[in-house]
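A short write-up of the structure that comes next.
What follows is calculated from the coordinates using simple rules that are stated; it is not laboratory data. Fair warning: this is a prediction, and the values are worked out from it, not measured in the lab. Positions of Cβ are generated from backbone atoms using ideal geometry, with glycine treated the same way; all protein chains shown enter the neighbour counts.
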Ligand SMILES: [Zn+2]
């Protein structure tokens, strides 16, 4: 129970956080809710984490559990799990962007991960997801080249996007645990400031892996 399996029917209900399936057995109906973070979309198909399906089945009567699996999923069609992100909690990243948000209207960071430029930005206070952090490669929403790596909610919960790769999760874990050190290491490795993107030229900035203004806005040093 580690992958995702294909959902063969559409949910009957959907909110911003969850979907629901109505399971029918003779004389009875049960509504089963699945958090959206347990769902992956791939090539226009919907896959649901086997782990959550198993959990839900444990809570249901046997005949309803069987019907749930049989009527809504095709266990032969699976999706590799990819990065292990279930329960990934990144409150340190939210705190980092909140701090930067005190002096920058739209805080952004950029990192090179496995040769891909990953941009993290804090959504503005008037957006649909105020204060959440979104990760993509910076291409416009309608660009075919756009890669979407995921979203971090206000409570730190990470929901991976369709293009999320293990390297992005690892970078986020590092940023969560040690923001200052991660900004320094990425800046030193790339030779550019992870916050403003400018090339680091001053000796001290090169040493610290971040420019003086960004250092003040983004770090505790
Ligand atoms: Zn900078």
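For region 124-174, what does the alpha-carbon gyration tensor say about shape, rounded, prolate or oblate, given a ≥ b ≥ c as the root eigenvalues, a/c under 1.5 as rounded, and a/b over b/c as prolate? Verdict is oblate for region 124-174. Measuring r between the beta carbons of residue 139 and residue 166 and using R0 = 25 Å, the FRET efficiency lands at 0.75. Once both labels are positioned 7 Å from their Cα atoms along Cα-to-Cβ, the gap between residue 20 and residue 89 label points is 2.7 nm.
Treating r as the C-beta distance of residue 74 and residue 112 and R0 as 45 Å, the FRET efficiency rounds to 0.70. Extension gain for residue 61-residue 216 works out to 50.1 nm (0.36 nm per residue, less the C-alpha to C-alpha distance). Largest first and in whole Å, the equivalent-ellipsoid semi-axes of the chain read 41, 16, 15, each the square root of five times a Cα gyration tensor eigenvalue.
From the Cα trace of region 4-79, what convex hull volume per residue do you get, rounded to a whole Å³? Mind dumping the intermediate values first?
Values: hull volume 6.4 nm³, N = 76.
Enclosed volume per residue, from the Cα hull, is 84 Å³.
Label point of residue 125 set 7 angstrom out along Cα-Cβ; within region 89-110, amide nitrogens under 15 Å from it belong to 98-107. Remark: spin-label model distance residue 148-residue 99 equals 3.0 nm, labels positioned 7 Å along the Cα→Cβ axis. Where the alpha-carbon atoms of region 91-218 are placed on the principal axes, they occupy 40, 31, 26 Å, in descending order.
Per residue of the chain, the DSSP helices (runs of n ≥ 4 H) give a summed -39500 (n - 2.57) that works out to -9000 deg cm²/dmol at 222 nm.
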